[in-house]
């Protein structure tokens with residue numbers, strides 16, 4: 001089906017992207033709830049006293065470390081929520097949206113790196129193993145990194161769209 005076969009105008013199609021912003025925010029809230037539940041499960045039962053505060057702090061920081069890839073993904077979803085919200089308002093080819101795309105692509109690559117290399121390595125060092133760098137690459141980490149690279153690639157196409165739009169606006 002081509003655009004001419006639909007009854008939607010380009011402006012109404014852009015307005016329809018606003019719901020994606022709401023969906024991204026809902027997923028962000030759900031993910032933050034999951035992170036909070038995980039951290040609470042690891043730290044919530046601990047009692048902070050003068051003797052145990054270091055243990056509580058260590059448990060909290062380790063729980064935060066384990067959830068780092070998820071927190072990075074929350075930031076990526078925040079980028080997309082802003083992008084879709086602005087697109088729904090009619091702002092499409094803008095430098096701000098380009099920054100959001102680049103930030104999201106980089107964030108996905110960082111989330112994959114955190115999941116596959118950074119978190120396992122730091123956990124190994126903190127548990128006393130300390131056997132160098134740990135590589136726990138799985139399909140999800142590879143897919144996340146590939147999506148990030150694809151979005152970074154699309155951001156270059158988007159940048160060219162911004163340039164063409166600017167040239168077109170100057171002619172008109």
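The values are calculated or read from the model by the stated rules, or taken from the named source; none is laboratory data. Since the model is a prediction, treat every value here as computed from it, not as a measurement. Because the Cβ atoms are built from the backbone with ideal geometry, glycine has one as well, and the counts that use them run over all protein chains shown.
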Looking only at segment 115-133, count how many residues are in contact with a helix residue (DSSP H, G or I) (Cβ under 8 Å, 6 or more places away or on another chain) and in contact (Cβ under 8 Å) with a residue 12 or more places away in the chain.
8
If we ask which residues in segment 64-91 are more than 27 Å from residue 44 (Cα to Cα) and surrounded by fewer than 17 Cβ atoms within 10 Å (Cβ to Cβ), their number turns out to be 3
Evaluate the following for residue 145: is it part of a helix (DSSP H, G or I), in contact (Cβ under 8 Å) with a residue 60 or more places away in the chain, out of contact with any strand residue (DSSP E or B) (no Cβ under 8 Å at 6 or more places or on another chain) and more than 27 Å from residue 59 (Cβ to Cβ)?
no
Pairing a residue in segment 74-95 that is within 20 Å of residue 160 (Cα to Cα) with any residue that is surrounded by 17 or more Cβ atoms within 10 Å (Cβ to Cβ) and at pLDDT below 90, where Cβ atoms lie under 7 Å and the two sit 6 or more apart in sequence or on different chains, gives 87/14; 90/14; 92/14
Given the options 38, 55, name the one that is exposed (fewer than 15 other Cβ atoms within 10 Å of the Cβ), closer than 30 Å to residue 127 by Cβ and either at pLDDT 95 or above or over 18 Å from the mean Cα position of the chain (by Cα) (or both).
55
Close pairs from segment 49-71: first assigned to a loop (DSSP other than H, G, I, E, B), partner surrounded by fewer than 16 Cβ atoms within 10 Å (Cβ to Cβ) and at pLDDT 90 or above, Cβ under 8 Å, at least 6 apart:
67/38
Can you tell me which residues in segment 114-139 are surrounded by fewer than 13 Cβ atoms within 10 Å (Cβ to Cβ) and within 19 Å of the chain's Cα centre (by Cα)?
138, 139
With (1) modelled with pLDDT under 90; (2) not in a loop (DSSP other than H, G, I, E, B) as the list, and residue 160 as the residue in question, which single condition is left unmet?
(1)
